[in-house]
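To start, the structure itself, in structure tokens.
The values are calculated or read from the model by the stated rules, or taken from the named source; none is laboratory data. In this text, all values refer to a predicted model and were calculated from it rather than measured experimentally. Ideal geometry is used to build each Cβ from the backbone, glycine not excepted, and the neighbour counts take in all protein chains shown. All accessible areas refer to the heavy atoms of the entire protein, side chains included, with ligands and DNA or RNA removed. Shrake-Rupley method; radii C 1.70, N 1.55, O 1.52, S 1.80 Å.
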Amino acid sequence: MRAGIVGTGFIGAVHALALRSLGIEVAWAAGRNDDLAALLDGDRVDVLHVCTPNHVHARQALAALERGIHVVCEKPLAVSTVECETLIPAAEDRNLVNAVCYHARSYPLVEHMRAGVAAGAVGEVTFVHGRYLCDDVLFPASGWRVDPAQSGPSYVVGDLGTHWLDLAEHVTGHHVSEVLADFHSFADGRLEDYAALLLRFDGGAAGSLVLSAGAAGRKNQLLFELEGRRGGMTWDQERPTELLVRHVATPPERVVKDPMTNAEPARRLSRFPAGHGEGYGEAFRNLFADVYAAVGGDPHPRFPTFRDGARGVAAVEAAVASRGAWVRL
């Protein structure tokens, strides 16, 4: 199979590295001065990877879909739910594979958590909590993400929060239904660089989330904690091969990434034995392996789709509209 990538920045390079590790040919990578339509027409690919600033995601994805090309899109899927409502039928009506890069789903221990929750290991889930922190705005040049013309209506909820919220939905099996948000821009930008969210889920669970791009020394900490009536779990993306499983009546246990002992659905996501590190790049590889299996005809897709991406965009819109009041997605 052949892939095209639009966007030549950091994340485009991550996609290219993961694709090549799977044996997928990267036919071309288009920058801002390239004619994407001409490339799609003149050098046919099976899948387009959209790795550009948020405001062009929908336009570029739609250009591929209209040509019968499958799409993998970086998050957020779009800058509005209106754009999402155009993309979903454009993909589904043509029976095209459509994926959003919520790569956190593809860590082995995230899938281990999901399997444990589904099996009742923690009992009824009561609430989830955590944070996603980085320190991007503390540096002189923080890029297009602080520009609403390119980022859309939100910075940290769209950039960081969508990852955390998808992980929470994936692990719990429930969707976010309502959001109450408080925004601040401590860097004096036009978009928030700090957000605190309270959450309600459709299964009755509650949640809380802190997001910041101004946490010194925190480079990429997605911390997720889940609480249930019989136990809890703690996972940190900065230490992705370790999971803390907490019990009510017995000491907590440290679970490591291990294809021999992890939950059955998680084992396929480990390439190496226990004690051998796997992280960010391998999560993308796992995600793309499932995407390209679906392109090849696998009838059981195991990756986040445009519908999952649209829920993330709806959460962003609800958070932006909230300003201290509950807003239903």
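From the list ASP188, ASP159, ASP166, which one is surrounded by fewer than 16 Cβ atoms within 10 Å (Cβ to Cβ) and either over 20 Å from GLU74 (Cα atoms) or under 18 Å from the mean Cα position of the chain (by Cα) (or both)? Walk me through how you get there before you give the answer.
Details: ASP159 fails: surrounded by fewer than 16 Cβ atoms within 10 Å (Cβ to Cβ); ASP166 fails: surrounded by fewer than 16 Cβ atoms within 10 Å (Cβ to Cβ).
Being surrounded by fewer than 16 Cβ atoms within 10 Å (Cβ to Cβ) and either over 20 Å from GLU74 (Cα atoms) or under 18 Å from the mean Cα position of the chain (by Cα) (or both) holds for just one of ASP188, ASP159, ASP166, which is ASP188.
Does the stretch 212-221 contain at least one residue that is open to solvent by 20 Å² or more (accessible area, probe 1.4 Å) and under 22 Å from VAL125 (Cα atoms)?
Scanning the stretch 212-221, I find no residue that is open to solvent by 20 Å² or more (accessible area, probe 1.4 Å) and under 22 Å from VAL125 (Cα atoms), so the answer is no.
Within the set of pairs 6+ apart or on separate chains, which have a first residue in the stretch 271-289 that is of a type in the set (Phe, Trp, Tyr), a second that is open to solvent by 10 Å² or more (accessible area, probe 1.4 Å) and in a loop (DSSP other than H, G, I, E, B), and C-beta atoms under 9 Å apart?
PHE272/PRO259; PHE272/GLU278; TYR280/ASN220; TYR280/GLN237; TYR280/PRO240; PHE288/LEU22; PHE288/ILE24; PHE288/PHE303
Mind checking which pairs have a first residue in the stretch 139-168 that is farther than 19 Å from ALA181 by Cα and a second that is part of a loop (DSSP other than H, G, I, E, B) and open to solvent by less than 50 Å² (accessible area, probe 1.4 Å), Cβ under 7 Å, 6 or more apart or different chains?
Note: pairs meeting the criteria are TRP144/PRO53; ARG145/TYR155; GLN150/PRO53.
Of everything in the stretch 235-273, what is surrounded by 18 or more Cβ atoms within 10 Å (Cβ to Cβ) and of a type in the set (Val, Ile, Thr)? Give them in sequence order.
Listed by number, the residues that qualify are THR241, VAL245, VAL255.
Let me spell it out: the conditions are (1) open to solvent by less than 20 Å² (accessible area, probe 1.4 Å); (2) within 14 Å of VAL100 (Cβ to Cβ); (3) of a type outside the set (S, T, N, Q), and ILE5 meets all of them except one. Which number is the exception?
(2)
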